[in-house]
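The values are calculated or read from the model by the stated rules, or taken from the named source; none is laboratory data. Being a predicted model, the structure only gives us computed values, none of them experimental. Cβ atoms come from the backbone with ideal geometry, glycine included; neighbour counts cover every protein chain shown.
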Amino acid sequence: MQGARKWSLQLGGRELSISTGLLAGQANGAVTVQYGDTVVLATAVMSKEMSRITGYFPLMVDFEERYYAAGKIKGSRFIKREGRPSDDAILSGRAVDRTIRPLFDSRMRNEVQVVTTVLSYDGENDPDLVAMIAASAALTLSDIPWAGPIGAVRVGILGDGGFVLNPSSEERNGSVLDLLLSGTHDKINMIECGANEIPEEKMTEAFRFGHEAIQKITDFIESVRKEAGREKRVAARLVGSDEFEMKMRAYVSSLGLAEALYLRPKAAMAEKVAEIESKAAEYAAANFPDEPHQAEVLSLIAEELSDEALHTNILEHDARPDGRALTEIRPLASQVGILPRTHGTGLFTRGETQVLTVTTLGAPGDEMVVDTMETDEKKRYMHFYNFPAYSVGEIKPMRGPGRREVGHGALAEKALLPVLPSKEDFPYTIHLVSEVLSSNGSSSMASTCGSTLSLMDAGVPIKKPVSGIAMGVITGKDGRFKVLTDIQGLEDHYGDMDFKVAGTRDGITAMQMDVKIDGLTPDMLGIAIKQALAARLEIMEVMLAAIPEPKKTMSPYAPRIITLHINPEKIRDVIGPGGKMINQIIDETGVSIDIEDDGSVFITSVDETSAKEAVEWVRNITREVVVGEMFQGRVTRIMNFGAFAEVLPNQEGLIHISELADHRVEKVEDIVKVGDVVAVIVKEIDSQGRINLSHKMAKAKMVRQELGEERE
């Protein structure tokens, strides 16, 4: 408590503060970052010994949202404790991970865990942004080796077309751009973006605008480090002896690893690489039997040699592993309508990557309820992404979606959101599932293309088609770089960037970027998105050859929705006491009925006859009678002064005894009895809304009609 300290920076019209010394004192690094009234605690801890985990740098990143931060109690009736993170929390955790991971030494083998916990949320300042800054500050001030700091900002565009730094939640709802950027003082290293057809030039300007603010944040964190940072520890690194590394690099190179990467097809390449790895393992075991971590170091050597070979060949000779030109796309194919009973299907193939996307249309009541720390809302459009192990020829238990699946599904969902019809024009709940059947790079963008095909096949009137492409980059130590169009697996694995760009002919709708280096400049990113535009347009031509526009009619197996608008005061009449009336309609017609507070009624059914029956039922319940209308009324009650007849459901009128016949009636029962159906005319509706009916006027009208027909 005595060592608590605080530093502040004005950012986007609000105070950004970093505090240390108050919370989580046993972590290697711990900070509390506050922006507005949103507060995030970030901790960073590194193990003292080398991890037993092999094959990769063991970094864990967790984003913990707490309902108490927003003054809420979890919505489930039976489970109040936070459990599995929501999809939003998973996406926030991925954003933090993708930001900090490239700045660790890839050979470092101490386990590192970064935990960001949202302690307070003000509903205006997004905790994911604050968590990224907090993670950066915790690592920078800690004794954990790391090449930060990084900063993170969000960029929006309001109605006047000007950029807004870190827009509030309300401003984001009205913004045509939602761009989340992070990076070092010199470069941008992570992008997450949703947009409403933003041109490439405008997006490049947004990169520059956001990076200027990132530089202020990194300078701020660096100034805090100079005052309160700890001296960095020496981490455990996975390295071999100098002799082992030198001789094994020479031996593996002599086996032709660089050449093996350029064998085609992919199976031949994989077989040759496996053969080289086997020979290298035998050589190492025979010549360096006492070398510690022999297998792990040898694997790293092979990775680094492959990386170097790919960089050299592309930078020096424009030579990609499959022989394509730098801007060339792999063979494309598009199909629709390949499944007989689904509402819409799209099959998109690019090289060895193949994705099947299926559209299912449902009633408005099929919307997904989203209950998180930040929001309570309903989603009428959902996209889910599945990546089974067989898609890459592997075996793995089917355990449900992981972080990657959630992230890729969200990206494809974001890409199509701007072109979907409004609920008023198309009231269906839209559910898409992308099944990755084969993968060799950029299955998320294949899912985006497959989604466009599937939606159009289902007859969803999207405003424009959307296509997507994954871009890569190869950089040299001398500053040279080459941008690659349509990266495949090897180029993703050994390349320096995976930049996914989706959009229409008129602009970008979604982006996501990860890097394996310290980042790229805004100008480099501008080149990449312009090159991506040409690729997206080429892909779109192939898609539109399969289906040029949304189908005019939907599948016969898709439900039909009829929309009514009733007086909101009549909603309770349709529902009835305890839901009795609406349940009766549903039970007898088999339809689905959804009613909104503004009086919108959605009747959904696959059977058109049932839907029309339900529509008529609702109309009869909610319609208001007018003077002069004629009905067949059912007598419900008899009084001394007249009979009450139901002319519409729950609407009765009085037939006064004087209106039962054109002669004097002594007793009401002489003319009608309870249960009789009689013709009546609405004679009057008084100031209190009471309906007065006339049976004798109805009879006279019927006689006149008969006489008129006879004269004709």
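The rows are residues; the columns are (1) modelled with pLDDT of 95 or more; (2) in a helix (DSSP H, G or I); (3) farther than 30 Å from H293 by Cα.
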{"residue": "E111", "(1), (2), (3)": "yes, no, no"}
{"residue": "T116", "(1), (2), (3)": "yes, no, yes"}
{"residue": "A138", "(1), (2), (3)": "yes, yes, yes"}
{"residue": "P145", "(1), (2), (3)": "yes, no, no"}
{"residue": "V153", "(1), (2), (3)": "yes, no, yes"}
{"residue": "G161", "(1), (2), (3)": "no, no, yes"}
{"residue": "V164", "(1), (2), (3)": "yes, no, yes"}
{"residue": "L181", "(1), (2), (3)": "yes, no, yes"}
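Hey, could you check region 518-549 for residues that are more than 16 Å from I198 (Cβ to Cβ) and in contact with a helix residue (DSSP H, G or I) (Cβ under 7 Å, 6 or more places away or on another chain) and say which is surrounded by the most Cβ atoms within 10 Å (Cβ to Cβ)? This residue is I539. K202 meets each of the listed conditions (1) within 24 Å of the chain's Cα centre (by Cα); (2) under 23 Å from I100 (Cβ atoms); (3) surrounded by fewer than 20 Cβ atoms within 10 Å (Cβ to Cβ); (4) of a type in the set (D, E, K, R) apart from (2). For region 403-435, the set of residues classified as among the β-branched types (V, I, T) and either in contact with an Asp or Glu (Cβ under 9 Å, 6 or more places away or on another chain) or free of Cβ contacts under 8 Å to residues at least 40 places away in the same chain (or both) consists of V406, V419, T429, listed by residue number. If you check E659, E652, E613 for being in contact (Cβ under 8 Å) with a residue 24 or more places away in the chain and not assigned by TED's automatic domain parsing to the domain that holds V703, only one passes: E613. Among residues of region 174-191 that are over 15 Å from E205 (Cα atoms), those with a beta-carbon under 6 Å from a residue that is assigned to a strand (DSSP E or B) and among the hydroxyl-bearing types (S, T, Y) at least six positions away or on a different chain give the pairs M190/S182. Scanning region 328-351 for residues that are in contact with a Leu (Cβ under 9 Å, 6 or more places away or on another chain) and either of a type in the set (A, V, I, L, M, F, W, C) or more than 30 Å from P550 (Cα to Cα) (or both) returns A333, V336, I338, L339, L347, F348.
The single condition from (1) modelled with pLDDT of 95 or more; (2) touching a helix residue (DSSP H, G or I) at 6+ places or on another chain (Cβ under 9 Å); (3) of a type outside the set (S, T, N, Q) that G240 fails is (1). Residues of region 95-105 include none that is under 24 Å from K379 (Cβ atoms) and modelled with pLDDT under 90. With respect to R225, determine if the residue is basic (K, R) and outside any helix (DSSP H, G or I). No, not satisfied.
Restricting attention to region 188-199, the residues that are out of contact with any Ser or Thr (no Cβ under 6 Å at 6 or more places or on another chain) and either surrounded by fewer than 19 Cβ atoms within 10 Å (Cβ to Cβ) or among the acidic types (D, E) (or both) add up to 3.
Evaluation of S687 against the conditions (1) buried (at least 18 other Cβ atoms within 10 Å of the Cβ); (2) closer than 30 Å to G599 by Cβ; (3) among the polar types (S, T, N, Q) shows that the sole unmet condition is (1). Taking the numbered list (1) touching a helix residue (DSSP H, G or I) at 6+ places or on another chain (Cβ under 8 Å); (2) under 29 Å from L180 (Cβ atoms); (3) in the same structural domain as I539 (by TED's automatic domain parsing) in turn, T327 passes all entries but (3). Given the structure, is V678 under 13 Å from A643 (Cβ atoms) and not in a loop (DSSP other than H, G, I, E, B)? Considered against the rule, which asks whether it is under 13 Å from A643 (Cβ atoms) and not in a loop (DSSP other than H, G, I, E, B), V678 comes out as yes. Residues considered: D37, D88. Of these, the only one that is closer than 26 Å to N166 by Cβ and surrounded by fewer than 19 Cβ atoms within 10 Å (Cβ to Cβ) is D37. Scanning region 40-75 for residues that are without any contact (Cβ under 8 Å) to a residue 60 or more places away in the chain and part of a loop (DSSP other than H, G, I, E, B) turns up R52, I53, Y56, F57, P58, G71, I73. Looking across region 6-34, the residues that are charged (D, E, K, R) and either in contact with a Lys or Arg (Cβ under 9 Å, 6 or more places away or on another chain) or surrounded by fewer than 15 Cβ atoms within 10 Å (Cβ to Cβ) (or both) come down to K6, E15. Scanning region 134-175 for residues that are more than 24 Å from the chain's Cα centre (by Cα) and of a type in the set (D, E, K, R) yields D143, D160. Screening region 264-306 for residues that are charged (D, E, K, R) and in contact with a helix residue (DSSP H, G or I) (Cβ under 7 Å, 6 or more places away or on another chain) and picking the one that is farthest from I474 (Cα to Cα) gives E291. Among the residues of region 222-230, is any surrounded by 16 or more Cβ atoms within 10 Å (Cβ to Cβ) and in contact with a Gly (Cβ under 6 Å, 6 or more places away or on another chain)? No, region 222-230 contains no residue that is surrounded by 16 or more Cβ atoms within 10 Å (Cβ to Cβ) and in contact with a Gly (Cβ under 6 Å, 6 or more places away or on another chain).
In region 354-373, the residues that are within 30 Å of D486 (Cα to Cα) and in the same structural domain as D88 (by TED's automatic domain parsing) form no Cβ pair under 7 Å with any partner that is among the β-branched types (V, I, T) and buried (at least 20 other Cβ atoms within 10 Å of the Cβ), whether six or more places apart or across chains. Residue check: V39 meets all listed conditions (1) at pLDDT below 90; (2) farther than 23 Å from G409 by Cβ but one, namely (1).
Got at least one residue in region 402-409 being aliphatic (A, V, I, L, M) and buried (at least 18 other Cβ atoms within 10 Å of the Cβ)? Checked region 402-409: at least one residue is aliphatic (A, V, I, L, M) and buried (at least 18 other Cβ atoms within 10 Å of the Cβ). In this structure, S592 qualifies as outside the structural domain of E646 (by TED's automatic domain parsing), in contact (Cβ under 8 Å) with a residue 60 or more places away in the chain and under 19 Å from E367 (Cβ atoms). Does A510 satisfy the criteria of being aliphatic (A, V, I, L, M), more than 28 Å from M398 (Cα to Cα) and in contact with a Gly (Cβ under 7 Å, 6 or more places away or on another chain)? Answer is yes for this residue. Number of residues in region 72-131 that are among the aromatic types (F, W, Y) and in contact with a Pro (Cβ under 9 Å, 6 or more places away or on another chain) equals 2.
Within region 644-678, restricting attention to residues that are over 14 Å from E624 (Cα atoms) and under 58 Å from the mean Cα position of the chain (by Cα), the residue that is surrounded by the fewest Cβ atoms within 10 Å (Cβ to Cβ) is G675.
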